[in-house]
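Heads up: the structure comes next, in structure tokens.
Taken together, the values in this text are just the output of simple stated rules run on the coordinates, not laboratory data. Computed from a predicted structure; not experimentally measured. Cβ placement follows ideal geometry from the backbone for every residue including glycine, while neighbour counts extend to all protein chains displayed.
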Amino acid sequence: MAKTILEVENLSFRYDIRQEIETLQDVNFSVNRGEWVAIIGHNGSGKSTLAKLLVGLFIPEKGRICIADIEMNELTKWEIRRHIGLIFQNPENQFIGTTVQDDVAFALENINLSYEEMSLRIDEALQTVGISNLRLFDPSRLSGGQKQRVAIAGILALKPDILLLDEALVMLDPRSRRELISTLKQIKSKDNTSIISITHDMNEVAEADYILVMKEGRVVNRGTPKQVFSNNTMKFEYPIVEQLRRELIKHGKKMPDKYMTEKELVKYLWK
Ligand SMILES: Nc1ncnc2c1ncn2[C@@H]1O[C@H](COP(=O)(O)OP(=O)(O)O)[C@@H](O)[C@H]1O
Ligand SMILES: [Mg+2]
């Protein structure tokens with residue numbers, strides 16, 4: 001049976017007690033180990049607020065957040081941060097070390113590790129994100145895609161159960177974005193790491209096992225990509241695979257009348 005790593009129950013939140021309408025209203029969802037969940041929704045719908053709550057930057061006003069069976073509160077938030085790592089848009093602001101390896105090492109300084117274990121973890125993290133060759137480079141002088149890899153390596157070295165990305169790939173060119181998505185897929189299958197990705201990129205969304213659609217602080221739609229894109233009430237742009245399926249129908253090709261994953265589409269077109 002799938003094992004739950006994160007549970008959010010009846011979560012509501014306001015930035016200010018004078019706020020009449022809550023920024024998050026009664027949010028409920030859970031994430032299994034090794035599952036990829038995408039969160040989508042227009043600007044201001046509360047996605048980043050939710051991300052900050054998940055890493056304990058704010059404490060829930062109502063409802064609860066449970067990660068790795070630990071309930072989030074002021075006392076447990078430090079412990080919880082070992083289980084979930086947040087990566088956001090601008091890694092520049094996150095660099096401290098003058099070399100890539102120092103930067104990743106810095107992420108580990110709050111946990112007590114032997115020198116050997118530390119260098120083992122740094123090696124492994126850099127290798128996973130494919131930047132072992134950059135370990136002595138100055139992180140501030142790398143390309144956008146490489147910087148995000150350093151940031152991800154810093155989080156991976158902590159061996160978290162969940163990687164949380166808040167529009168982390170948005171600044172990257174399409175190619176680095178695709179490469180990083182495929183790296184994330186490898187991380188997910190290699191370590192059974194769960195991924196929560198907040199994004200506007202529908203091709204990234206198409207990789208998800210499950211999608212949450214947010215609007216005005218609430219989850220208004222949820223399901224697999226198949227379910228959400230066949231019931232696209234929010235009029236989101238479709239992933240490339242779905243655009244292609246629709247285009248083929250327009251051109252008279254007989255196609256299944258349901259959303260197809262990339263795999264299914266390729267298989268169908270080849271048969
Ligand atoms: N630090 C803050 N203080 C007060 N209000 C905020 C703060 N951050 C965000 N908000 C408000 O909370 C709402 C949700 O914002 P946010 O979570 O950033 O949405 P999203 O990430 O989906 O664009 C918005 O109305 C925003 O103006
Ligand atoms: Mg945001």
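Approximating the spin labels as points 7 Å out from Cα along Cα→Cβ, the residue 136-to-residue 249 distance works out to 5.7 nm.
Taking label positions 7 Å along the Cα-Cβ direction at both residue 231 and residue 115, the computed distance is 5.8 nm, reported to one decimal. The GNM of the chain, with springs linking C-alpha atoms under 10 angstrom apart, assigns the highest mean-square fluctuation among 13, 95, 137 to 137.
The simple spin-label model puts a point 7 Å past each Cα toward its Cβ; for residue 59 and residue 186 those points are separated by 4.1 nm.
Counting charges near residue 3 (Lys, Arg +1; Asp, Glu -1) among other residues having Cβ under 15 Å from its Cβ returns a value of -4. Seen through its C-alpha gyration tensor, with square-root eigenvalues sorted a ≥ b ≥ c, the chain comes out oblate because a/c lies at 1.5 or above while a/b is not bigger than b/c. When the Gaussian network model of the chain links Cα atoms closer than 10 Å, the mean-square fluctuations of 209, 161, 16 top out at 16. Can you tell which of 41, 130, 85 shows the greatest fluctuation in a Gaussian network model of the chain with Cα springs below 10 Å? Result: 130 has the largest fluctuation of those listed. How many angstrom lie between the Cα centre of region 144-159 and the Cα centre of region 249-264? About 37 Å separates the Cα centre of region 144-159 from the one of region 249-264.
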